[in-house]
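A quick write-up on the structure given underneath.
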Amino acid sequence: MSMSENSIDNFQLVHFVFFNSLWKRFQSRTHDLISIVLCCLLQDLFFRMTMDSLCQLIFGIEGSSLSPPLAKIPFASTFDNINDIIIARLVNPFWKIQRAFNIGNERIIKQNLTTLNNLIVAVLEERRKATKEIKSSEERCDLLSQFMRYNGCGDGKYSDDELRDFIINFMVAGRDTTAVALSWFVYCLCRHPHVVEQIQMETLDALGLDIDHDLKMEDFAMRLDYESLMKMQYLHAALSECLRLYPPVPRDGKTVLKDDVLPDGTFLEKGSQISYVPYSMGRLESLWGPDALEYKPERWLKDGVFQHESPFKFPVFQAGPRTCLGKDYAYLQIKMTILLLLQFFKFDLVNVDVKYRVMMVMPIAGGLNVYVSHKMPRVSQKRSMNSLPVLS
């Protein structure tokens, strides 16, 4: 089985939990009503979903972030606290002094790092114990088990610190970025309903479905195989256009390892810091034309076929040897999530004007607050949104 097929299988497992969780929230509020609109902080659910997805990928276990009543997750909250404080260092010239005297935010981050390390050490110890009890024919296929199995093969073993860093790197790269991208994508789709219509028509065509099909969520998800997702050129364009305007990582930087010279002749001394800003690059008229600030998926298409841009022009996933290894994985997860959402739910923004929050990633400040309604059979969809009750 290919990596892509494995990814699809993992996504299907996680998405069943995600959409069942969302639907149960409707069921608990609907009673005998035929239709209902629910106010929902969707960004939080996306963060929980990507957390559970990574639990499946890294640890080979089903996460519980989406389990009712959506309780606070110690690992996630600790991770987020550390993220916030690290970003605050950029505007706090005294953070090194605070760290030296163990005061202020630096005292808090030290406590959080201890908590995070203890959680990860517990996971590693549990996995070592479980690995000894598992027969070779029952070996796990998750990434952590693969790394730990490599440790048993001889030279070049990974230390616990290296395994910890591996886990944290995957969490940074796979949880936050994908959840943020999903949030901004839903925001863009709510602002541009004609794009939703185009995606839905393309989906029906790619899956060979009639407009009035009655597939249940599980059956629909099972049709979203790798081949059908690759047929959806407009969906890929719509997502890429969202990433251009709202890159999950708005600013990135590198440290110069040795003296170097940029193509324009700029000299870089060893140890220098150099940054680039995908957020700004995606809005430059010199790169994208006079309509650079407009959300237009069509700019990526030629005769209905997606046209790739140079990663040095569109550096959302970096470029060259440092291109993000999870790029295809992220695209797959976002596409599957969006297609399932659009198939079974309708979304409307509570607030049209939203702001971003400055972190290592660029989430929507205050979350993505939307009105969510379950899609009824097409004969029942003619009721106006204004005629439906809105619950807080």
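The values are calculated or read from the model by the stated rules, or taken from the named source; none is laboratory data. As the structure is a computational prediction, the values presented were derived from the model and not from experiment. When we count neighbours, we look across all protein chains shown, and the Cβ atoms used for this are built from the backbone with ideal geometry, even at glycine.
Report, ordered by the first and then the second residue, all pairs with beta carbons closer than 9 Å, sequence separation of six or more or different chains, a first member in the range 234-249 that is within 20 Å of LEU339 (Cα to Cα) and acidic (Asp, Glu), and a second member that is surrounded by fewer than 21 Cβ atoms within 10 Å (Cβ to Cβ) and modelled with pLDDT under 95.
Every condition considered, no pair remains.
Exactly one condition in (1) closer than 28 Å to LYS216 by Cα; (2) β-branched (Val, Ile, Thr); (3) at pLDDT 90 or above; (4) not in a helix (DSSP H, G or I) is not met by VAL354; state its number.
(1)
Any residue that is at pLDDT 50 or above, surrounded by 15 or more Cβ atoms within 10 Å (Cβ to Cβ), among the aromatic types (Phe, Trp, Tyr) and closer than 18 Å to THR178 by Cα - is there at least one of those in the range 53-63?
no
Considering only the range 303-318, state which residues are under 17 Å from TRP288 (Cβ atoms) and not in a helix (DSSP H, G or I).
PHE306, GLN307, HIS308, GLU309, SER310, PRO311, PHE312, LYS313, PHE314
Please find, among SER28, SER35, SER77, the residue that is polar (S, T, N, Q), modelled with pLDDT of 80 or more and surrounded by fewer than 17 Cβ atoms within 10 Å (Cβ to Cβ).
SER77
For the condition in contact with a strand residue (DSSP E or B) (Cβ under 9 Å, 6 or more places away or on another chain), modelled with pLDDT under 95, farther than 27 Å from GLN307 by Cβ and part of a loop (DSSP other than H, G, I, E, B), what is the one hit in GLY265, GLY271, GLY253?
GLY271
Only one residue in ARG99, ARG107 is surrounded by fewer than 15 Cβ atoms within 10 Å (Cβ to Cβ), among the charged types (D, E, K, R) and more than 27 Å from LEU41 (Cβ to Cβ). Which one?
Answer to the selection: ARG107.
Restricting the search to the range 172-196, which residues are surrounded by fewer than 22 Cβ atoms within 10 Å (Cβ to Cβ), over 14 Å from LEU235 (Cβ atoms) and among the hydrophobic types (A, V, I, L, M, F, W, C)?
Those that are surrounded by fewer than 22 Cβ atoms within 10 Å (Cβ to Cβ), over 14 Å from LEU235 (Cβ atoms) and among the hydrophobic types (A, V, I, L, M, F, W, C): VAL172, ALA173, CYS190.
Do you know which residues across the range 274-284 are aliphatic (A, V, I, L, M), part of a loop (DSSP other than H, G, I, E, B) and touching a Pro at 6+ places or on another chain (Cβ under 7 Å)?
Start the filter on the range 274-284 by keeping residues that are aliphatic (A, V, I, L, M), which leaves 274, 277, 281, 284.
If we keep only those that are part of a loop (DSSP other than H, G, I, E, B) too, we end up with 277, 284.
The one that is aliphatic (A, V, I, L, M), part of a loop (DSSP other than H, G, I, E, B) and touching a Pro at 6+ places or on another chain (Cβ under 7 Å): VAL277.
Cβ-Cβ below 6 Å, separation at least six or inter-chain, first residue in the range 203-214 and surrounded by 12 or more Cβ atoms within 10 Å (Cβ to Cβ), second of a type in the set (D, E, K, R) and part of a helix (DSSP H, G or I): which pairs?
As it stands, the answer is ALA206/LYS231; LEU207/ARG223, since those pairs meet every condition given.
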